[in-house]
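Below is one structure, written out as structure tokens; comments come after it.
The values are calculated or read from the model by the stated rules, or taken from the named source; none is laboratory data. Predicted model, so just to flag it, every value in this text is computed and none were measured. Every residue, glycine among them, receives a Cβ derived from its backbone with ideal geometry; neighbour counts consider all protein chains shown.
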Amino acid sequence: MSLHKRTIGDPSPRTATGAAQGGTAPDEPQDPAARRHAGRVLALSSLGAFVVFLDTTIVNVAFETIGSSFHTTIGHLSWVLNIYSLVFAAALIPAGRLADRYGRKRVFLIGMTGFGLMSALCGLAPSATVLIIARGLQGAFAALTIPTSLALILPEFPPSRRPAAIGTWGTMAAAAAAVGPTLGALLIEYASWRWIFLVNVPICALVLIVGLRLLRETREQGARGIPDPLGAVLIAVIPAALSLGIVEGPSWGWTSPRVIAAFVVAVVLLPAFVWRTRTAVRPVMDLALFNVPQFRLVNAASLVFGLAFFAVLLSNFIFLQTEWHYSVLIAALACLPNPILTTITARPATRMVHTYGHKVVFLAGAVLFAVAQGALALALSTHAHVAALWLPVMAVTGISLGLNLPTLSVASTKPLAPAQFAVGSAINQSFRQLGAVLGVSLFAAIVGTPGAGTALTAFHNAYWLFGALGLLSGLIICLPQLRRTTTPTQTA
């Protein structure tokens, strides 16, 4: 994860997580026992990633239920989602650097332990405020899990098999994000909204018990110190200020001094973060990675598509519950084609990336996503049209997510040297989570708590906007990759 003085795109396969640390030598064939062990590590690490990404969306369906339980507003509850995504995104890259120094296995297991404990606290929270605080802590431990889960996988596979392993890991992440709302709805219907958090506890316990015996410890030779604390604070405060302005703008007034101040803080601190990152001894993010054209464009697309994707997932369930007056369970069943087709499509999508290239696959997914949301914006009414409209749209949306989410995971690491896979993936996940924060904030600003006569129009506007942003993400990833001449890169 730590780049030290390695050149971006250095094609040398010998990495700090290679054979010297107990992994498979880059060009040596794996014996059957090593292949079986690698498969088990991939399964366990992917399960850890699955439970973490599950919590990025499983709460969506519980908005109405939690709001009724705590007698609070959608704007306030949006922070149950946003605080998790904000802390998660801000801590991902520092967490990877900490793992470089103190050991990937150790940090991964600490992350899973803390994530399980904070999940239990969320499930037992007596108030919305306690729930929001617990969600923030849950996001911090989630950040310890994601980069380390990938870093533990990579040394177990020879270079020729690493892209497939990353694709499997990305498929699990995509499936988790897509299945979250449906699983949450089932838990709410047959148990309680608290079980959308408590369900994590036994999974984390299983990963911890098996991981203690199965996983091998690796660390970066020569890693020293901790990532720049000021940079870590800035990377969290900037999107937090932006989200505050977007969420509270409708209620405080867009010309309110508090809203203007929130936007000003975000704008002013962005160049400050870039300056700090360029000058810090141990920067929280290595900006040299963005000299790789494909890496730049993929992360920009991840931010925009993450915004649209997370906002649409939230919008679907709230629309079904508020406009068609569906129960949580019926809403989950109405959205079921989405996670099913996401899961079915995700694995073939990773193979299609290697055959046709990430641009073709992602653009196809982005177009399908935009068409699906455009159909909802044009045809949704207060009368339920399930078979003719809703179910086909959910199916098309599921296919689009299955194409796009794993493609982003694979494409973000493909142009990088093996030693940079973990940090590249961590940055990509950070951009996706920041997109989630902005998407939920925009949804809260557009829909909020409209009156009976304006709710449908608000949802139409939301679907138009998020469909357009989904299409924009596909256009971004297809922009010409103008190479910078200052830093050599590896040809993707």
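For the reader, a short list of remarks on this structure follows.
- Some residue of region 15-23 being at pLDDT below 55, in a loop (DSSP other than H, G, I, E, B) and not small (Gly, Ala, Ser): yes
- Residue in region 197-213 that is over 21 Å from PRO147 (Cβ atoms), assigned to a helix (DSSP H, G or I), touching a helix residue (DSSP H, G or I) at 6+ places or on another chain (Cβ under 9 Å) and among the small types (Gly, Ala, Ser) present: yes
- The residue pairs whose first member lies in region 34-51 and is surrounded by 20 or more Cβ atoms within 10 Å (Cβ to Cβ), whose second member is among the acidic types (Asp, Glu) and part of a helix (DSSP H, G or I), and whose beta carbons are closer than 8 Å, counting only pairs six or more residues apart or on different chains, are ALA38/GLU156; VAL41/GLU156; LEU42/GLU156.
- Residue count for region 129-151 satisfying the condition of being at pLDDT below 90 and either in contact with a Lys or Arg (Cβ under 7 Å, 6 or more places away or on another chain) or surrounded by fewer than 19 Cβ atoms within 10 Å (Cβ to Cβ) (or both): 3.
- Exclusive hit being over 30 Å from LEU287 (Cβ atoms) and either at pLDDT 85 or above or not assigned by TED's automatic domain parsing to the domain that holds LEU186 (or both), set ASP55, ASP31, ASP10: ASP31
- Every residue from region 95-111 that is part of a helix (DSSP H, G or I) and touching an Asp or Glu at 6+ places or on another chain (Cβ under 6 Å): ASP100, LYS105
- Filter result for the condition that a residue is at pLDDT 85 or above and either in the same structural domain as GLY96 (by TED's automatic domain parsing) or among the charged types (D, E, K, R) (or both), over LEU154, LEU198: LEU198
- Residue within region 261-281 that is touching a residue at least 12 places away in the same chain (Cβ under 8 Å), surrounded by fewer than 17 Cβ atoms within 10 Å (Cβ to Cβ) and either outside any helix (DSSP H, G or I) or assigned by TED's automatic domain parsing to the domain that holds GLY114 (or both) present: yes
- Evaluation of HIS460 against (1) at pLDDT 90 or above; (2) farther than 25 Å from ASN82 by Cβ (one fails), failing number: (2)
- Residue that is surrounded by the fewest Cβ atoms within 10 Å (Cβ to Cβ), among those in region 303-314 that are at pLDDT 90 or above and of a type outside the set (A, V, I, L, M): PHE309
- Pairing residues of region 375-390 that are over 14 Å from PHE459 (Cα atoms) with residues that are modelled with pLDDT of 90 or more and in a loop (DSSP other than H, G, I, E, B), at Cβ distances under 6 Å and at least 6 apart in sequence or on separate chains, gives ALA384/TRP324.
- SER425 in contact with a Leu (Cβ under 9 Å, 6 or more places away or on another chain), modelled with pLDDT under 80 and small (Gly, Ala, Ser): yes
- Options LEU438, LEU403; residue that is at pLDDT 80 or above and in contact with a Gly (Cβ under 7 Å, 6 or more places away or on another chain): LEU403
- Selection from region 55-88 of residues that are free of Cβ contacts under 8 Å to residues at least 60 places away in the same chain, among the polar types (S, T, N, Q) and assigned to a helix (DSSP H, G or I): SER68
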